[in-house]
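Following: one structure in structure tokens, then a few remarks.
The values are calculated or read from the model by the stated rules, or taken from the named source; none is laboratory data. Computed from a predicted model, the values in this text were never measured in an experiment. In this analysis, Cβ positions are derived from the backbone assuming ideal geometry, glycine residues included, and neighbour counts consider all displayed protein chains.
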């Protein structure tokens, strides 16, 4: 890591640290964003709010949120016990089959290579506006963690490649899993079955299990 990159990374973390302890209403007011009543019709709002507050530039592109630093930002909803309440979306999966991705050039690895995690109070009994941000931290997978994540990814992508998408369940994968991802039930994308026949299916996404993010929080 060059000195310039290290300096910019430290600056990003310092900006994120300044948000620690703030309510979502505080951050929303500072960025001129209204707070929705709840997240049922505003899924992703917290992440978008923090991207705005911290100056993320990736938008909807399949690259890390801070592409010049190679850093992906993820919110980490936690309960009163400090444990992660849900899995974490990583990125949309390629389900067409015949992919040429390797782990090294995959969007999943690009996202997981360097991450800024921001814990967020997710107590369902607390109004959204009053929920507070926790202390952020930067993380990159160690060799052992990357090995497990890579094995999960390769197992899933190998099944997609041979047309076995329908056989992939959310139970597969030690830390990385594949699940349907769609804003509504009518969303469809194209894949191919084991005979190479094109068929429509729900879009899929890669997710990190809560068991993994709890390890990062010290609850593993």
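Brief remarks follow.
- Note on the range 136-152: among residues that are touching a strand residue (DSSP E or B) at 6+ places or on another chain (Cβ under 6 Å) and assigned to a helix (DSSP H, G or I), the one that is nearest to residue 69 (Cα to Cα) is 149.
- Conditions (1) assigned to a helix (DSSP H, G or I); (2) exposed (fewer than 15 other Cβ atoms within 10 Å of the Cβ); number of the one not met by residue 46: (2)
- Number of the exception - residue 31 against (1) closer than 15 Å to residue 132 by Cβ; (2) surrounded by fewer than 18 Cβ atoms within 10 Å (Cβ to Cβ); (3) in contact with a helix residue (DSSP H, G or I) (Cβ under 8 Å, 6 or more places away or on another chain): (1)
- Selected residue [modelled with pLDDT under 95 and either in a helix (DSSP H, G or I) or under 16 Å from the mean Cα position of the chain (by Cα) (or both)] from 187, 211, 166: 166
- Number of the exception - residue 129 against (1) out of contact with any strand residue (DSSP E or B) (no Cβ under 7 Å at 6 or more places or on another chain); (2) surrounded by fewer than 18 Cβ atoms within 10 Å (Cβ to Cβ); (3) not in a loop (DSSP other than H, G, I, E, B): (1)
- For the range 49-78, the set of residues classified as part of a strand (DSSP E or B) and in contact (Cβ under 8 Å) with a residue 60 or more places away in the chain consists of 71, 76, 78, listed by residue number.
- Some residue of the range 112-124 being over 21 Å from residue 216 (Cβ atoms) and at pLDDT below 95: yes
- Residue 94 vs. criteria within 22 Å of residue 180 (Cβ to Cβ), part of a strand (DSSP E or B) and in contact (Cβ under 8 Å) with a residue 24 or more places away in the chain: no
- From the list 80, 96, the lone residue that is at pLDDT below 95 and under 17 Å from residue 215 (Cα atoms) is 80.
- Taken together, the criteria place residue 26 among residues that are assigned to a helix (DSSP H, G or I) and surrounded by 13 or more Cβ atoms within 10 Å (Cβ to Cβ).
- Of residues in the range 147-174 being without any contact (Cβ under 8 Å) to a residue 24 or more places away in the chain, surrounded by fewer than 16 Cβ atoms within 10 Å (Cβ to Cβ) and touching a helix residue (DSSP H, G or I) at 6+ places or on another chain (Cβ under 8 Å), the one nearest to residue 42 (Cα to Cα): 172
- Test for residue 141: is it over 24 Å from residue 39 (Cα atoms) and modelled with pLDDT of 95 or more: yes
- With respect to the conditions (1) without any contact (Cβ under 8 Å) to a residue 60 or more places away in the chain; (2) over 13 Å from the mean Cα position of the chain (by Cα), residue 23 lacks only one, and its number is (1).
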